Every structure is written in structure tokens, then in C-alpha cells.
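*Asks:* Quick one: the structure is below, and I'll ask about it shortly.
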Amino acid sequence: MRSIVSSAPRQAGGGICVAALLAIACWAYAPTGIRIALLSYTPSQVALLRLVVASLMFFGVASAKGVARVRAGDLGWIASLAWFGVAAHHLALNQGQQWVSAGAASCLAQTAPIFTVLLARPVLGEVVSPRHWGCVLLGLGGAGVIIGGASELSASWFGGALVLLAASSWGVYFTLQRRAAWRMDAVSVSCYTIWAGTLMLIPFGWQGLGGRLAHASTSSDLAIVALGIFPSAVAYVAWSHVLRHVEASRASPLLFAIPPVAMLIALPVLHETPGPELLPKRRRGTSA
């Protein structure tokens, strides 16, 4: 965290730390919230409903604070951010979590920084240090442990592949977001991204939604609201603030802190403990 702050103006360092920690905590709740919401809704409906909640929050923020005016040149950036960071990411993640535990999903989803670092040089022109390449290798090794340490990856290799697809989409989003952060403030970027992403999700999640809403459990509805407020709204604004001041390749390794926090949340709420897919096998000479 210290190296991240040192890359930003000194006076902004404290705010960047708070924003990064807030984003990590909010995103760490997402796997648990998704598992609860999936008890009553389809994966596409979970994605749509949480983004509707987030959109309403951002409408309130926009009314109170105002947002930057969209220029014609910004439309392509907003559409790309909305697809990779909202629509594609949430659809793949929610589908994958039907078969993957919250802990495993969190670990696999946080391989997103790998894709951010890989894209940082060709897309952003950022110089990636050996230390950050080391983070990439550690992330790849962690994903390999999860996949190789379980015979079925929580009942389905397909689910794990979908979560990895969501991670790659998120990695593209973070890279593009860094470019968009140069064009407008963090709140404006988040508002337009969430609104556009919500519109993109309507064709996927509207069918049969009325019946699901009528019979959904209270816990699933509360999970949807929490997902819309924290991971889908607060975290997006907080991380946009971080990327406005810090290079994407330097900030993205912080996201590797999300899985352990996610497992701590899942333990009391879902009664999930790290399974074999999250621990190296003893026969490889590594103690659990």
C-alpha cells in the first residue's frame, strides 16, 4: 500500500488508501451476496437487479452533485466500460457462481489484475516493473493451485472457466477505466458506466422477473440491495478515484487482497470453509 501511495501526490495519499480499502471491502462481499441472491433469482436477474439498485443510487448522486457532460468522443469509452466492467463481467461471474463456492470464485475473479498488467503496456504505455510482473506470476500460480488442487473445482470446471472469463473482462475494464479517468471525474465515469451497463443487461434479465420478484425470499432481496449499494456503486466510485491518481499496473495488485476478505465474510454467513480447491495438496510437499 505504501508504494501505491508514493506514486500519487502526497496530499492525496490518505484518500487513495481509504478509497482502495473501501473498494476491497465492498467487492469482497460480492461472492457471498451473489450466492444468497441466486437462491431466488437467475444469474442474469441478479446482475440486472443489483445494477438497477446501483443506477438509482447514481441518479441520486448525479442530482445532488452533477456529472460531467458526455462528449461524442466519450460514447465509445462509456460503451466499452459498461460492457466489460458491468454487463459481461456480471453475467459470467453470476453464471459461474452457480457451481463455484464464494471463496473459490473470489480467488479466481481476482486474477483480473493479471490481465490489467498485461494490457498496461500496449494500451496505456505504462512501464511494468519486475515486481509487478512478480505479482502476475503469483496470481497465475494461485489460480493454478485452485484449479489443480480440486478434482472438480467445486463441482464444475465450466463454472471456474466462467469466473475466469469474468476476471478477464474486469481486467479489460480496469485498463480502459484508467484511460477514461483522464477524461472526466470518478463519479461521472461510474455513473455513465453503471447506467449504460444496466441498459445492456435488460435483454438478459427481464424475462420471468416479475414472478421471481413475487416469490423471492427476504434474504435474497436484501442481498440484491446490498450488492447494488456496495460492490456495484460504492466500490466503483472508490476504485475510479484510485485509478485517477495511480497507474493501473501499480494499483491492480491491491485487488489480490479481496479473496481472503471474501472468505472471512463467507465463513459466518454461508458457513463456507476453504475447501480442497483453495489449499495445496499435502502430497505436493506443502502443508495446508
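*Asks:* Is it true that Thr116 is modelled with pLDDT of 75 or more, part of a helix (DSSP H, G or I) and among the hydroxyl-bearing types (Ser, Thr, Tyr)?
*Replies:* In short, no.
*Asks:* Give, as residue ranges, the helices (runs of 4 or more DSSP H) completely inside segment 223-288 that count at least 2 residues that are at pLDDT 75 or above and surrounded by fewer than 21 Cβ atoms within 10 Å (Cβ to Cβ).
*Replies:* 235-245, 258-270
*Asks:* Going through Leu21, Leu39 one at a time, which residue ends up being surrounded by fewer than 24 Cβ atoms within 10 Å (Cβ to Cβ) and in a loop (DSSP other than H, G, I, E, B)? Spell out the reasoning first.
*Replies:* On the way: Leu21 fails: in a loop (DSSP other than H, G, I, E, B).
It is Leu39.
*Asks:* Moving to a separate point now. Within segment 101-108, can one find any residue that is at pLDDT 95 or above, of a type in the set (A, V, I, L, M) and either touching a Pro at 6+ places or on another chain (Cβ under 9 Å) or under 19 Å from Gln45 (Cβ atoms) (or both)?
*Replies:* No, segment 101-108 contains no residue that is at pLDDT 95 or above, of a type in the set (A, V, I, L, M) and either touching a Pro at 6+ places or on another chain (Cβ under 9 Å) or under 19 Å from Gln45 (Cβ atoms) (or both).
The values are calculated or read from the model by the stated rules, or taken from the named source; none is laboratory data. Predicted model only: the values in this text are computed from it and were never measured. Please note: Cβ atoms are built from the backbone with ideal geometry, for glycine as well, and neighbour counts cover all protein chains shown.
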